[in-house]
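The values are calculated or read from the model by the stated rules, or taken from the named source; none is laboratory data. Predicted model only: the values in this text are computed from it and were never measured. Here the Cβ is made from the backbone with ideal geometry for all residues, glycine too, and neighbour counts use every protein chain on show.
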Amino acid sequence: MREVAIIGIGETKIGELWDLSLRDLGIHAGLEAIQDAGVTGDEIEKLYIGNMSAGRLINQEHIAPMIADYAGLEGTPAVRIESGGASGGMALAEGFMAVASGMNDIVVVGGAEKMTDVGDVEAKDILSSTGDREWESVFGATFDSLYALMAKHHMDVYGTTREQLAQVAVKNHYNGARNPNAQFQREIPLKMVLNSPAVSTPLGMFDCAPLSDGGAAVVLCPVEIAESYSGKPVRMMGVGMGSDHMAVHDRQSIDTMKATNLAARRALDMTGLECSNMDFAEVHDNYTISEIMAIEDIGFFNKGDGGPATQRGDTALNSKISVNPSGGLKAKGQPVGAVGINQAVEAVIQLRDKAGDRQVDDAEYGLTHNVGGTGGSAVVHIFGRWSP
Amino acid sequence: MKEKKVGIRGYAGYVPRYRIKPEEIGAVWGKDGKMMGAALGVKSKSVPSPDEDVVTISTEAARWAMIRAGLTGDNIGAIYVGSESHPYAVKPTSTMVGAAIGATPDMTAADYEFACKAGTAAFQTCMGLVGSGMIENGLAIGSDTSQGAPGDALEYSASAGGAAFIIGSDDLLAEILYTTSITTDTPDFWRREGQAYPSHGGRFTGQPAYFKHIMGCTGKMLDELDMEPSDFQHAVFHQPNGKFPMKAAKKLGFTKEQISTGLLVTRIGNTYSGAVPLGLAAVLDVAEPGDDILVTSYGSGAGSDGFYIKATDGITQVRESGVPTIEEVIKDVKYLSYAQYAKFRGKIKRGG
Amino acid sequence: MSIPRFWREIRQRYKGIGTECGVCNRVYFPPREVCPDCGRDSLGDMKEREISGKGKVLTFTEVHEPMPDFEILSPYIMAIVEMDEGVRMTGQLVGVEFDEVKNGMEVEAVLRKLGEESPSGIIYYGYKFRPCR
């Protein structure tokens, strides 16, 4: 297996991008990444696009060739990868395998989602389709409520507090305020989270990530040729994927994401590194509880210590482990199928020392964690600073 | 009259927990609701939750009746559901109830509509099928989520509830010894196809309609049986309001005590097809072995079905089944404001 | 939801028909063709099993931003219920107020309306849970 590097990144601003279509989002991000890498269109051997639900969101399936077409890449193999909210991360895993296997040299992996061409009630309904439609949402379970059930259980079992959940949002808004591509570039006080209107108890509006438009892309190549391009390379060292029962109620433990646990273990094993080696992590904080579960289930903290660790400040920028330096889904935004690529873009920015006010000092290794649905699938990637 | 002994093997009733008081309704329409309620003899009426309808109410009652009878779905050979508020104009309620209790596919079924006496029509059909030996057991249900037009007098009483009876031949807890009916063409109350709310003939619903049929049918049955009102421990009359059955009972020679157990309208309103079945269920909850029970339903349009029922020794045994009595069911109460009631009953126009 | 898509699951939604693994006797709902624990040993050995409908609340939430079909009920309570057979189910709690619900509360399945295709379309029925009396 060949070692893989990322040599180019691109992403759109995230938010309510009324002027841009899904096609635009994919192309803008892709062209930026190609330009950053300094590759030519002829060199690109494959395009993967992570996308959750273009079919329901904009009534357009088969979007990968469409994006390839308008990026001037007609003729290039182009495939869409879907795994709910983990679509981006899973697409990146596919891209990694294409390069690592020796089959392709230059691969572009993008992610794009256009959430705001439908109303917010419909967007939430579509998102809930990444849970078990037949046995959860048909019975009244919203996507929010499934995470709320996990939150309530986590609080009952481990004593996690409402304030600890809220701290996740406060921290991620602090980081997001330092990210020019973030949807919410402002800090928020704890009170604002605690007093936000109930969405599904115990989660309030500020415990939930927004549903956003956005696109992101990276360019992959084998490490051996990484320095022959203009973009500063970053190593993609580990890839791990996992799955779990589709419905939350079928999980062995509803306060634990087994898919995350498996994905993290597999990715770390591939690198020989441990959680303690990581300097930062971009985790899937679609809800505040999700980050608390993620930092436990990946292995940064013991089960049940995610809340207290957050409250102690152990996950703040440049503390024990900088979690979501980008602002995460909570503040940077949640363009669902693009999230995994947005996370990889942040990892590259950090490992290139280009993160400005949110830079993690002396970052050597970083981890990204991307979840599909309510934990039905998860993917973890591990990145390392370039050393020739 | 029949080949085989016929009677009740199991029964149960269900009434939604929500209630609204006449004063709450009157306040919206500039009427003295309290006085309206007093005139009707209705202190509160039941209101179905938005997720309840005749299918769910019937199923709830049927499931409990099955538990009481100790039977499973495959023991049921026929289901008839009587209602004037079937959720579908075309597509039977009875098939859905059949699926919900596991009685499908080896059964026959149909829905009935005869204003407030569709439930007792189901009784008679099941009696015929069981008595003739065509089926072992049949399920007869009377259930409604009736509506009165906003502001109409009916709005103070039209309510929701239902009861289910398993009619069979063996292990009876009450034997149905006799039934008789009278039927005429009387336009006292109706709802045209496609209309949301029923219409009625006002005071015409009294003497030429309710009283004529209730008294006529009861009198006819007493004559045919050669019995007196005093021969019965309990009597249940259709109860569109609290006043009519009291007046009819008095005129027929029944006492207040005889009809009080089965008179639920004061607390839950007029449950239409569910009214007499629920009243009978309440009586069976307390009846002693050997008690004689007289039942007369009334349905606008119009007609009455009379039944002579005798409790057996089995009546006390079914009280161990854990199934709630009618008193226990209607004790669970949650009062609604008119605004909540209007929302629940789909009276608020919402955007698409 | 299309007509056959709902119709196909009527026995599950109305009656709670699941399966039991013939090897380890673990009960599943909805039905499974393979036991996740026993794998291929269970193939062809999964038997139909009706869920009693009785269970205990494992965890619950009050939903303020509802599914479109549940708007009229908002706010409403969703729960994960651990059934007496060991299997868990997700459903709405009815006949109870949010501040009365406790973990471990005993509940039973009741049939309620889940939604409808449209005002002129098919009505969807299925289980919800209510505190035992």
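Out of curiosity, is A:Ile254 over 30 Å from A:Lys46 (Cβ atoms), touching a strand residue (DSSP E or B) at 6+ places or on another chain (Cβ under 7 Å) and aliphatic (A, V, I, L, M)? Working first, answer last.
Values: over 30 Å from A:Lys46 (Cβ atoms): yes; touching a strand residue (DSSP E or B) at 6+ places or on another chain (Cβ under 7 Å): yes; aliphatic (A, V, I, L, M): yes.
So A:Ile254 passes the test.
With the requirement that a residue be among the hydrophobic types (A, V, I, L, M, F, W, C) and more than 9 Å from chain C (Cβ to nearest Cβ), what does the stretch B:98-114 give you? Explain how you work it out, then say what you get.
Restricting attention to the stretch B:98-114, the residues satisfying the condition of being among the hydrophobic types (A, V, I, L, M, F, W, C) are B:99-101, B:103, B:107, B:109-110, B:114.
Within the stretch B:98-114, B:Ala103, B:Met107, B:Ala109, B:Ala110, B:Phe114 meet the criteria.
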When the stretch A:26-85 is checked residue by residue, the ones that are over 19 Å from A:Gly8 (Cα atoms) and within 19 Å of the chain's Cα centre (by Cα) are A:Asn51, A:Met52, A:Ser53, A:Ala54, A:Arg80, A:Ile81, A:Glu82, A:Ser83, A:Gly84, A:Gly85
Over the stretch C:11-49, the set of residues touching a helix residue (DSSP H, G or I) at 6+ places or on another chain (Cβ under 6 Å) and within 14 Å of chain B (Cβ to nearest Cβ) is C:Tyr14, C:Ile17
Determine if the stretch B:168-183 includes at least one residue that is under 22 Å from B:Asn241 (Cα atoms) and touching a Pro at 6+ places or on another chain (Cβ under 7 Å). no
Looking for something touching a residue at least 24 places away in the same chain (Cβ under 8 Å), small (Gly, Ala, Ser) and within 25 Å of C:Ile72 (Cα to Cα) - is there at least one such residue anywhere in the stretch B:60-73? yes
Considering only the stretch C:60-98, state which residues are away from chain A (no Cβ under 11 Å) and not in a loop (DSSP other than H, G, I, E, B). C:Ile72
Hey, B:Ser304 hits all of (1) of a type in the set (Gly, Ala, Ser); (2) crowded, with 20+ Cβ neighbours inside 10 Å; (3) in a loop (DSSP other than H, G, I, E, B) but one; which does it fall short on? (3)
If I filter the stretch A:232-252 for residues that are modelled with pLDDT of 95 or more, within 19 Å of the chain's Cα centre (by Cα) and assigned to a helix (DSSP H, G or I), do I get at least one hit? no
Among helices (runs of 4 or more DSSP H) lying entirely in the stretch A:258-316, which contain 2 or more residues that are aliphatic (A, V, I, L, M)? A:258-271, A:288-298
From B:Tyr88, B:Tyr18, B:Tyr80, residue being surrounded by fewer than 19 Cβ atoms within 10 Å (Cβ to Cβ) and among the hydroxyl-bearing types (Ser, Thr, Tyr): B:Tyr88
Every residue in the stretch A:145-155 that is at the interface with another protein chain (Cβ under 8 Å from one of its Cβ atoms) and surrounded by fewer than 24 Cβ atoms within 10 Å (Cβ to Cβ), please. A:His153
Residues of the stretch B:184-211 that turn out to be in a helix (DSSP H, G or I), basic (Lys, Arg) and touching a residue at least 40 places away in the same chain (Cβ under 8 Å), as a count: 0
So C:Asn103 fits all but one of (1) at the interface with chain A (Cβ under 8 Å from one of its Cβ atoms); (2) in contact with a Phe, Trp or Tyr (Cβ under 9 Å, 6 or more places away or on another chain); (3) free of Cβ contacts under 8 Å to residues at least 40 places away in the same chain; what number is the exception? (3)
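Check whether at least one residue in the stretch B:216-238 is polar (S, T, N, Q), surrounded by fewer than 22 Cβ atoms within 10 Å (Cβ to Cβ) and not assigned by TED's automatic domain parsing to the domain that holds B:Glu84, and report yes or no.
yes
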